[in-house]
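The structure appears right after this line, and notes come after that.
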Amino acid sequence: MSKEQLLSYLNEGRKRAFTLEDISGDKIKVSLLKRIDGIFKKGLSFYLDFSPIDTSQEAKVLFRKKKFQSELTIEDKRIVDSFESLKSLLDGYRVLTDTSNVEYPLKNTATIHENPKVIADKVRDRLLPEKNITEHKKYLQAIILNLADLNVYVFEFVETWNKREKATIDGFYIEPNVIVLKRQKSYKREIFTLAHEIGHYLLGIEDVEALDMSKVEHGRITNKVERWCNDFAFYLIAGEAVNELYKLKKEELKQNQSRASVPRPIISPLYLETMQYAYYNGLVSEASFCEHLKIPQNKIDKYL
């Protein structure tokens, strides 16, 4: 982001505009710093750390990849960065608790030159639940559980109705083992997004994208990787299990739910296990444990 772009965001709705001198001088007012953090959401301590930021290609997916399938907004980039930072933190907890695992079964086991149906048939038993699950949410949770057994983190982010800037992305995969999903009104769509991102994981190709469900047909997507991942997602979910898909109950969406009630994201078993190790070894406090998992402190026993 250029200085001019930053100023444009900072001056939205202001009568007295900030200038380049305001953000480029030796001193910055705390009030301005808070406004800047309102955009990047890194915490004030981040701006007091004068160590150089690692911009090498290996550091962040936003540095590793120059082009994504979707045009990313500031909010999209912030969400991607927040989950990469979370993954780095969890890796640190794993090292400190001697529970590190750098084996990623199924990763890089497919190429776009292979038939996505053949690959889907090959991995279906390891990814989809065995039970006849009739609720979309439980079906999604069961896939996330299977992925945790394969050392893959699946995170879900939830956007509230009154959020000013909303993300435009539906999901993304970042190396080596992180999939992030946006909570959808329909869990069926979220299941498809997860299957699509699993396709990226199998190919070992990172991307951040918005899935246009009106273009999931094979011929309407020109990018070969995206088309392969969409085809894989379809064959994985439908395929031989198409009868199971039709048995899934019709989504019970409560459009008239109270807007004051904020849904909680699904917690990956691998994420929970990592935080448990960190808590038991004194690396995080009870408050920090609950804050990370977004659970009330009076319910902590349920997660230990």
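The values are calculated or read from the model by the stated rules, or taken from the named source; none is laboratory data. These numbers were taken from a predicted model, which means no experiment stands behind them. Heads up, the Cβs are rebuilt from the backbone with ideal geometry, glycines too, and the neighbour counts pull from every protein chain shown.
I'd like to know if the range 224-237 contains one or more residues that are at pLDDT below 90 and in a loop (DSSP other than H, G, I, E, B). There is no residue in the range 224-237 that is at pLDDT below 90 and in a loop (DSSP other than H, G, I, E, B). Candidates in the range 90-111 are the residues that are surrounded by 15 or more Cβ atoms within 10 Å (Cβ to Cβ) and not charged (D, E, K, R); of these, the one that is farthest from P176 (Cα to Cα) is T97.
Determine whether the range 186-195 contains at least one residue that is assigned to a loop (DSSP other than H, G, I, E, B) and in contact (Cβ under 8 Å) with a residue 12 or more places away in the chain. Yes; the residues of the range 186-195 include at least one that is assigned to a loop (DSSP other than H, G, I, E, B) and in contact (Cβ under 8 Å) with a residue 12 or more places away in the chain. The single residue among A142, A120 that is free of Cβ contacts under 8 Å to residues at least 60 places away in the same chain and either surrounded by fewer than 19 Cβ atoms within 10 Å (Cβ to Cβ) or on the phi < 0 side of the Ramachandran plot (or both) turns out to be A142. Among the residues making up the range 156-185, those that are crowded, with 21+ Cβ neighbours inside 10 Å and part of a strand (DSSP E or B) are E156, G171, F172, Y173, I174, V178, I179, V180, L181, K182. Filtering the range 170-185 to residues that are touching a residue at least 24 places away in the same chain (Cβ under 8 Å), touching a helix residue (DSSP H, G or I) at 6+ places or on another chain (Cβ under 8 Å) and over 17 Å from L150 (Cα atoms) leaves D170, G171, F172, L181, K182, R183. Taking G219 as meeting all but one of (1) part of a helix (DSSP H, G or I); (2) at pLDDT below 85; (3) surrounded by 13 or more Cβ atoms within 10 Å (Cβ to Cβ), write down the number of the exception. With (1) part of a helix (DSSP H, G or I); (2) at pLDDT below 85; (3) surrounded by 13 or more Cβ atoms within 10 Å (Cβ to Cβ) applied to G219, the lone miss is (3). If we keep just the residues of the range 75-133 that are out of contact with any strand residue (DSSP E or B) (no Cβ under 6 Å at 6 or more places or on another chain) and aromatic (F, W, Y), which is modelled with the highest pLDDT? So, considering only residues that are out of contact with any strand residue (DSSP E or B) (no Cβ under 6 Å at 6 or more places or on another chain) and aromatic (F, W, Y), the one modelled with the highest pLDDT is Y104.
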